[in-house]
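*Asks:* Mind looking over this structure? Questions follow.
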Amino acid sequence: MSGSDAPDPSTVTLTLADDLHLFLPPRLRAGRVTAAIADESTLGHLVESAGVPLPEVGRLVVDGAETPASYRPVGGEAVEVYAVHRPQPVPGGAEPAFLLDVHLGTLARRMRLLGLDTAYHNDCDDPVLVEQANAEHRVLLTQDRGLLRRRNLWFGAYVRGVRPDAQLDDLLRRFAPRLRPWTRCTSCNGHLTAATKDSVAADVEPGTLAAFENFARCDECARVYWHGSHGGRLDEIVDTALRTVAQV
């Protein structure tokens with residue numbers, strides 16, 4: 001790989017959309033890459049060799065014609081590489097369910113707060129994550145480009161942002177999912193069901209029972225929820241998320 005613009009019949013020139021520049025090494029952040037063609041090279045291979053995972057790529061246009069990633073370049077071509085269109089539908093048109101890798105635990109809790117079906121484990125290695133994503137048709141969210149390059153992964157996406165607020169904003173703008181706040185357990189992803197005060201009396205402190213009227217219990221882990229002292233911050237997260245999705 002080099003940043004040279006000189007035409008060469010053994011190379012193709014990739015011009016990457018601005019939203020894909022973060023995947024390039026600093027010396028190539030202008031978004032123009034010269035890729036050498038090797039035997040059996042496909043256009044998809046060349047794009048990934050530049051550092052861009054294919055799940056982040058939308059259209060590929062070779063000398064003005066839209067072309068699949070399986071195309072085998074002949075050399076001397078100019079390729080425009082576009083980012084995925086936002087909002088992005090999930091294959092099959094289903095409402096998306098998600099699986100997050102071990103580094104995105106805070107994002108997982110916020111997604112569950114919004115009612116998104118979000119699986120998360122803090123002890124799974126890459127092959128196990130891919131297996132679960134495929135078996136349950138979950139969108140695998142990660143910041144590991146190598147994980148997105150696994151050929152047997154049915155569908156995945158790179159999460160942009162360092163802080164959870166930015167990561168959640170990126171996720172919402174990419175998929176514009178339907179939100180159902182306060183309906184899932186932030187601990188285990190189970191569904192929440194309204195519970196009477198009598199039914200939760202043994203599981204909460206007497207002061208909490210006296211101070212609040214509305215409770216819910218997780219159908220899976222039996223954890224009890226109420227709108228407590230952290231409600232203001234959680235309300236802010238929910239309100240911001242609802243506004244974001246409404247604007248997408």
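The values are calculated or read from the model by the stated rules, or taken from the named source; none is laboratory data. The shown structure was predicted, so the numbers you read here are calculated from the model rather than taken from an experiment. Please note: Cβ atoms are built from the backbone with ideal geometry, for glycine as well, and neighbour counts cover all protein chains shown.
*Asks:* Among 222, 210, which is the only one that is assigned by TED's automatic domain parsing to the domain that holds residue 169 and on the phi > 0 side of the Ramachandran plot?
*Replies:* So the residue among 222, 210 that is assigned by TED's automatic domain parsing to the domain that holds residue 169 and on the phi > 0 side of the Ramachandran plot is 222.
Here is a yes/no grid of residues against (1) surrounded by 11 or more Cβ atoms within 10 Å (Cβ to Cβ); (2) at positive phi; (3) in contact (Cβ under 8 Å) with a residue 40 or more places away in the chain:
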residue	(1), (2), (3)
69	yes, no, no
73	yes, no, yes
77	yes, no, yes
84	yes, no, yes
90	yes, no, yes
94	no, no, yes
118	yes, no, yes
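*Asks:* Just need a number here: residues in segment 206-248 that are touching a Phe, Trp or Tyr at 6+ places or on another chain (Cβ under 8 Å) and assigned to a loop (DSSP other than H, G, I, E, B).
*Replies:* Going through segment 206-248 one residue at a time, the tally reaches 5.
*Asks:* Search segment 71-129 for residues being under 25 Å from residue 13 (Cα atoms) and in a strand (DSSP E or B), and hand back the single one that is nearest to the chain's Cα centre (by Cα).
*Replies:* Step by step, filter segment 71-129, then rank; the result is 83.
*Asks:* Let me ask something else about it. What number of residues within segment 150-174 are surrounded by 15 or more Cβ atoms within 10 Å (Cβ to Cβ) and either assigned by TED's automatic domain parsing to the domain that holds residue 47 or modelled with pLDDT under 95 (or both)?
*Replies:* Within segment 150-174, residues that are surrounded by 15 or more Cβ atoms within 10 Å (Cβ to Cβ) and either assigned by TED's automatic domain parsing to the domain that holds residue 47 or modelled with pLDDT under 95 (or both) number 1.
*Asks:* Among the residues of segment 182-205, is there at least one that is in the same structural domain as residue 95 (by TED's automatic domain parsing), outside any loop (DSSP other than H, G, I, E, B), of a type in the set (Asp, Glu) and under 27 Å from residue 127 (Cβ atoms)?
*Replies:* No - not one qualifying residue is present in segment 182-205.
*Asks:* Going by the structure shown, is residue 59 in the same structural domain as residue 164 (by TED's automatic domain parsing) and under 23 Å from residue 170 (Cα atoms)?
*Replies:* No, not satisfied.
*Asks:* Further question on the same structure: Return a yes/no flag: does segment 135-148 have any residue that is assigned to a loop (DSSP other than H, G, I, E, B), surrounded by 15 or more Cβ atoms within 10 Å (Cβ to Cβ) and hydrophobic (A, V, I, L, M, F, W, C).
*Replies:* No, segment 135-148 has no match at all.
*Asks:* Another one. How many of the residues making up segment 35-54 are outside any loop (DSSP other than H, G, I, E, B) and either within 18 Å of residue 9 (Cα to Cα) or small (Gly, Ala, Ser) (or both)?
*Replies:* 8
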